[in-house]
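Here the structure comes first, spelled out in C-alpha cells, and everything after it is commentary.
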Amino acid sequence: MAGEAVIRIRGLKNQFGRQVVHDGLDLDVLRGEVLGVVGGSGTGKSVLMRTILGLNRPHGGTVELLGVDVLRGDAEARAAAQTRCGVLFQDGALFSSLTVTENVQAPMREHLRLPRPLMDELAALKIAMVGLPPDAGPKRPGELSGGMRKRAGLARALSLDPEVVFLDEPTAGLDPIGAADFDQLIRDLQRSLGVTVVMVTHDLDSLAAICDRIAVLVDKRIRVGTMADHMRDMHPWIQAYFHGPRARAAFSAAGMSPGEGS
Amino acid sequence: MQDGPGWIRQAEADGQFVVSAGGVWTVAGAAALERAVAALAPGPAVQVRFDLSALQHVDTAGVFLLRAAARRYEEAGADVTFEGVGARMRPLFELVAGNEGRAPPAAPRRYPLAAAIERLGCTTVDGVRELAALVAFIGEVALTAARNSWRPRRLRIVSLTNQIERAGLNAIPIILLMTFLIGVVIAYQGAVQLRRLGFEILTIDMLAITILRELGVLLTAIMIAGRSGSAFTAEIGTMKVNEEIAAMQALGLDPVEVLVLPRIIALVIALPILTVFADVVGLLGGAAMAVVSMNINTTQFMVRLGEAATLTQFMVGLVKAPVFAFIIGVVGCYQGLRVSGGAESVGQMTTRAVVLSIFLVIIADAAFSIMFAAMGI
C-alpha cells in the first residue's frame, strides 16, 4: 500500500481579492506518512488544509482526497471521503454545549447507528487513548485546560478511526513537556492505527521528531522533501528556517547534524 | 478494497473451542458486530483459541469488540489465546488493551423527589444571589460614574458617540415605523368604540394620553431592550469568552468604565430623544387615521390635540425614558459580564437580559403610574 497517494493536488490556485496565496501548487500525500506543513505567516497553510477538506473553494486546480474529487465529485462521495478524515482545529473547536464524551460521540451519532452503551465504551476508549483521565469525559470544554482541549479535540478527530488526520498547529500553546507528549502521542497513534497525518506546525521539535516528510510553502507553491533535502535547499526562506538558531537546537536534540548538506 | 462484512463463529475441535473472526471489523459495522459477539455462547471450555487470521481490516472499535468477545469466554472460566494477530494488527491490540475499561465514574444515583427539591432550592438561592449581584453591580456603576465625573476626560467621548449612533440614530427608522402604526391602531380602535357613544372626538384625547404618557416611551424602551440591550450582552459576553475582559483588567483598564458606562450613558441620552420621535410620529399616525376615516378635519384635530396633549402629559412620559434606559443598559451589561464558558452561555445570558430588562421596565412603569396617581398628575 505504500506509495499510494491519499491526497493529490494539482495546479491549485487560491486568491483573496488581489492577493494570490497559492499559484500552481502541486502536492501528493502518501498513505501512512506524517507530513509536516510549514511556511511563513500568510503563506496559506491553513487555507491549504481547508481547501483539502472542502471548506474553501479554490480558484483553480484539482484536489483529490482518498480518490474523490473534492471540487467536482458528487456530494455523496465527498461526504463519504470527509467521514474518513479527522480534523483537529487549532484550539480544539470542541462544541461548547456538549461534554467531552458527547463531543467524541458526535461523529458516531451523525454517521452511524450504534447502541448507546457501545458508544459510551468507544468514547471512553478514545478519551483514554489520547491520554485524558476518565473523569474528563463528563466535563464541558470550558472546564478543561488548553492542552486537555487539544487532546479532547484529537479524540473527536479519531472518533471514527479515520484514514487521514489533519492537525492544525497541534502543539501551539502547549508547554514543552506537553508538546513533547503530544508529539509522542501522535506518533504512537499513527504507528498503531496506520493513519496518514497532515500536520500544519511551526514547532521545529515536532518536525524533527515525528514528520516523515516536510512540505514547505514558498513562492505560492510547495516544496516537499525530507529534513535533509530541505537542509540542502538554497531558497533563502528555507535556509533561514532550517538553519536558524532554533532549528539548530531542535535538530541537535533530535540527533541530526545541523550543518548537514550546507 | 472489496472486503466482506465482519463475522465471528465458534466451533469445537479436539475438545477445544475455536472462535474464528474475519472480514471487516470497523466502527461502521460495530452495531452488527456487537450483536454477533453477544450471540456467541461461551460453553464450559478450559481452552479457547481466537483465530483472527481471516480478518481483513480492523480499527479500534473492532479490536475493542474482539476483546469484549474474549472477555465473555474468560468470564465463563476459559483461558483465551489470540492467534493470527499479525504484525500489522499487534500495535492496535496493544493500544486498545492499554486504554480500555476506563469508563468515567458513574454519576451518583438521583432520587427524583430529592432532585426536584434540590432544584427548587438552587433556583431560589440563585435568584436571590443574582438580585444581590445586580444591586452590587448598580452600585459599582454608580461609583465608577461618580469617580469619573471629577475627570470628564475619562468619559470616553468617541465610544459614547459611537454607542449613541448605534443604539439611537440607527434605531430611528424602526421606531418611527412602529409608533406610526401603533398610532394608527389606537386611533382606529378608539374611534370605533367611541363613535357608538357619540364622542368620536374624544379619540384624540385618548390617542394623546396613551401615546404621550405610556405607549410612546414603553414601546420604544421594549424595542431598545430587544435591539440594544441584547447587543450589549452579546458583545460583552463574547469579549468575556475571548478573554478580552481579562486582558483589559490586566492592562489596568476597568471594564465598567470602558465598556459599561459609555453604553449606559449612551442609552440614557438616546432613549429620551427616541421617545420624542416616537411621540410625534405616534400622534401623526393617529392624525392620519383620524383624517382618513373619521369625520374630523385637520383643523379640528389640531385644536383638540392642543387641548389634550399638554406639556404635563408629554413630560410624564418623557421623564420615564432615562430610567428605562438605565435599566436596559445595566441589565444588558451585567448579563454580558456574567457570561462564562462558551457560545451557549452567551445565548443564555442574552435571552435572560432581554427578558429581565423588559420585565423590569414594565415594573418600573407600574411604579411610575402609582407614583403619578398619588401625586395627582
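Numbers below:
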| item | result |
| --- | --- |
| Of all residues in region B:30-46 being under 13 Å from B:Leu66 (Cα atoms) and not hydrophobic (A, V, I, L, M, F, W, C), the one that is surrounded by the fewest Cβ atoms within 10 Å (Cβ to Cβ) | B:Arg35 |
| Elements of type helices (runs of 4 or more DSSP H) in region B:305-377, at least 2 residues being under 31 Å from the mean Cα position of the chain (by Cα) and of a type in the set (D, E, K, R) | B:343-375 |
| Number of the exception - A:Asn103 against (1) at pLDDT below 85; (2) more than 8 Å from every other protein chain (Cβ to nearest Cβ) | (1) |
| Tabulated pairs, region B:60-79, first within 28 Å of A:Ala157 (Cβ to Cβ) and within 14 Å of another protein chain (Cβ to nearest Cβ), second in a helix (DSSP H, G or I) and hydroxyl-bearing (Ser, Thr, Tyr), C-beta under 9 angstrom, 6+ apart or interchain | B:Thr60/A:Ser192 |
| Answer residue from region B:30-45, given it is among the hydrophobic types (A, V, I, L, M, F, W, C) and not in a helix (DSSP H, G or I) and is modelled with the lowest pLDDT among those | B:Ala45 |
| Residues (more than 9 Å from chain A (Cβ to nearest Cβ) and aliphatic (A, V, I, L, M)) located in region B:18-43 | B:Val18, B:Val19, B:Ala21, B:Val24, B:Ala32, B:Leu33, B:Ala36, B:Val37, B:Ala38, B:Ala39, B:Leu40, B:Ala41 |
| Extreme residue, nearest to A:Asp168 (Cα to Cα), among residues of region A:15-47 that are over 20 Å from the mean Cα position of the chain (by Cα) and polar (S, T, N, Q) | A:Gln15 |
| Any hit, region B:175-191, residues being part of a helix (DSSP H, G or I), under 21 Å from B:Val331 (Cα atoms) and out of contact with any strand residue (DSSP E or B) (no Cβ under 7 Å at 6 or more places or on another chain) | no |
| Residues satisfying the stated conditions in region B:353-370, i.e. without any contact (Cβ under 8 Å) to a residue 60 or more places away in the chain and either touching a strand residue (DSSP E or B) at 6+ places or on another chain (Cβ under 9 Å) or not hydroxyl-bearing (Ser, Thr, Tyr) (or both) | B:Val355, B:Leu356, B:Phe359, B:Leu360, B:Ile363, B:Ala364, B:Ala366, B:Ala367, B:Phe368, B:Ile370 |
| Enumeration of residues in region A:231-249 that are aliphatic (A, V, I, L, M) and more than 16 Å from A:Val218 (Cα to Cα) | A:Ala247, A:Ala249 |
| Residues of region A:116-145 that turn out to be in contact with a helix residue (DSSP H, G or I) (Cβ under 6 Å, 6 or more places away or on another chain), within 7 Å of chain B (Cβ to nearest Cβ) and surrounded by fewer than 21 Cβ atoms within 10 Å (Cβ to Cβ), as a count | 1 |
| Strands (runs of 3 or more DSSP E) within region A:1-113 that include 2 or more residues closer than 30 Å to B:Gln348 by Cα and not polar (S, T, N, Q) | A:85-88 |
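The values are calculated or read from the model by the stated rules, or taken from the named source; none is laboratory data. Please read all numbers here as calculations on a predicted model, not as lab measurements. Virtual Cβ from ideal backbone geometry, glycine too; neighbours counted across all protein chains shown.
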